[in-house]
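Peer 1: Dumping the structure here so I can ask a few things about it.
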Amino acid sequence: MVVFDKPHSLNEMSMHYCPGCTHGIIHRLVAEVMDELGIEGRTIGVAPVGCSVMAYNYFNCDMIEAAHGRAPAVATGVKRADPENHVVFTYQGDGDLASIGMAETVHAAARNENITVIFVNNAIYGMTGGQMAPTSLPGQVTQTSPYGRDVNHCGYPIKVCEMLSQLDGPEYLERVTVNSVKAVRNAKKAIKKAFQNQLDGKGFSLVEVVSSCPTNWGLTPQQALKWIDEKMIPYYPLGVYKDRSAGEDK
Amino acid sequence: MAKLTFKTDNCKGCGLCVDACPKNILQLSPDKINKKGHHPAELTDEAACIGCASCAIMCPDCVIKVER
C-alpha cells in the first residue's frame, strides 16, 4: 500500500527552490488538496512575482502569471468569468502580497471575492537576494538592514492576517507554519478548508504560511525551521483569525 | 514491512528528512553525489523503518515514496 507519493497535481519537474526551502512543501500541500477535492481539471492558479514566480511550471492545473502583486485582481477576473466551473487560487509571497500587491489583497478581501489565497510569509525578499520586506521582523538583519531592522526608521512589520481580520469582507483567515510534521498536517487542513470554502461559495479565504528562507536568513535548513519557532511565531502567532461561518473572530 | 523509494536525482541534500525521522535511520550519503551535485538522502537500516512517512512529509521536493 502506498502511504505517501507525489500528488498527481504536481508534475515531474524538479523545483528550482534552494535546498530546504519550504516552498516545495507548500506547493505539495496545495497539490494534495487539489487531488483530494478532485478539482485539478478545473483549477486555475495565479502565480506571483517572487521566488515562486515559476510556480506555473510545477502544477498540472492551468496557471496564469500575474504582474507583480496583482494576482488577486487577476484571480477576481478569472473567477468572475465563470464562477460555477473555475476554482481559482493565488500563490503569493510576502513581497508580492504584502508590499506591492497590498491594495489588490485588501480590496479582494473587502469585496469577499470567492477565491483562495495562499500567502507564503518568509519575512524577506528571497528572489532578489534577501532585502528587507514589509514582514521582516524588528531587528532582523537583511541585505538592506545590515544592523537589523530599525523600527524608528523603517517602521513595523505588517501582520496581514490581523489586519485583514478587521474587515467585514473575508470569510476565512488562518496563519499556519510548516516547520514540523505536525505543523505541515495542520497547514494542509487549513489549505483544504480554504479551497472547500470556495467550492461552497463562501468567499475570500487566505492561508498565511509562515515559511523559511535558509539562504537569505544565512542559516542551515534545520536552523531555519528552529528560527521560525523562536523568532517568527512569537511575532506572527498561529491560529484562525477569522472564520465567519463558524462565528470565529479573533 | 515499510519500503522507501528515493528519487535520488531530485534530492537537494537539505537534510529535513534526516531530522524528521523518529527512528534516526536516514542520513545524507557521505560518499554518493547525485546529478545536481548534492549528497542525497538514504536509508541506513531498512528493517527499522516503520513507514510513518514523516520524512516524505517534510521533504520539499517529493523525493521519497513510502509504501507499507
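The values are calculated or read from the model by the stated rules, or taken from the named source; none is laboratory data. Since we're looking at a predicted model, the values are computed, not measured. Because the Cβ atoms are built from the backbone with ideal geometry, glycine has one as well, and the counts that use them run over all protein chains shown. Just the protein is used for accessible areas: all its heavy atoms, side chains included, with ligands, DNA and RNA removed. Shrake-Rupley method; radii C 1.70, N 1.55, O 1.52, S 1.80 Å.
Residue by residue, here is whether (1) assigned to a helix (DSSP H, G or I); (2) modelled with pLDDT under 95; (3) over 19 Å from A:Pro7 (Cβ atoms) holds:
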site	(1), (2), (3)
B:Met1	no, yes, yes
B:Val18	yes, no, yes
B:Gln27	no, no, yes
B:Lys35	no, yes, yes
B:His39	no, no, yes
B:Cys55	yes, no, no
B:Pro60	no, no, no
B:Val66	no, no, no
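Peer 1: Another question, if that's okay. Pairs only if they're at least six apart or on different chains, beta carbon under 6 angstrom, first in segment A:208-237 and within 13 Å of another protein chain (Cβ to nearest Cβ) and without any contact (Cβ under 8 Å) to a residue 12 or more places away in the chain, second open to solvent by 50 Å² or more (accessible area, probe 1.4 Å) and outside any helix (DSSP H, G or I); list them, first residue then second.
Peer 2: Pairs found: none.
Peer 1: Okay, moving on. Please determine whether any residue of segment A:148-164 is assigned to a loop (DSSP other than H, G, I, E, B) and of a type in the set (S, T, N, Q).
Peer 2: There is no residue in segment A:148-164 that is assigned to a loop (DSSP other than H, G, I, E, B) and of a type in the set (S, T, N, Q).
Peer 1: Turning to a different aspect of this structure: For residues in segment A:1-34 being at the interface with chain B (Cβ under 7 Å from one of its Cβ atoms) and of a type in the set (Ser, Thr, Tyr), which is farthest from the chain's Cα centre (by Cα)?
Peer 2: Among those that are at the interface with chain B (Cβ under 7 Å from one of its Cβ atoms) and of a type in the set (Ser, Thr, Tyr), it is A:Ser14.
Peer 1: Looking at segment B:7-37 only, could you name the residues that are of a type in the set (A, V, I, L, M, F, W, C) and either touching a residue at least 40 places away in the same chain (Cβ under 8 Å) or buried (at least 17 other Cβ atoms within 10 Å of the Cβ) (or both)?
Peer 2: Answer for segment B:7-37, where residues must be of a type in the set (A, V, I, L, M, F, W, C) and either touching a residue at least 40 places away in the same chain (Cβ under 8 Å) or buried (at least 17 other Cβ atoms within 10 Å of the Cβ) (or both): B:Cys11, B:Cys14, B:Leu16, B:Cys17, B:Val18, B:Ala20, B:Cys21, B:Ile25, B:Leu26.
Peer 1: Moving on. Please find, among A:Ala47, A:Ala55, A:Ala109, the residue that is more than 14 Å from chain B (Cβ to nearest Cβ), surrounded by 22 or more Cβ atoms within 10 Å (Cβ to Cβ) and either of a type in the set (D, E, K, R) or under 13 Å from the mean Cα position of the chain (by Cα) (or both).
Peer 2: Matching residue, one of A:Ala47, A:Ala55, A:Ala109: A:Ala47.
Peer 1: Would you mention how many residues in segment A:185-220 are outside any loop (DSSP other than H, G, I, E, B), over 20 Å from A:His107 (Cα atoms) and not polar (S, T, N, Q)?
Peer 2: Qualifying residue count for the region: 13.
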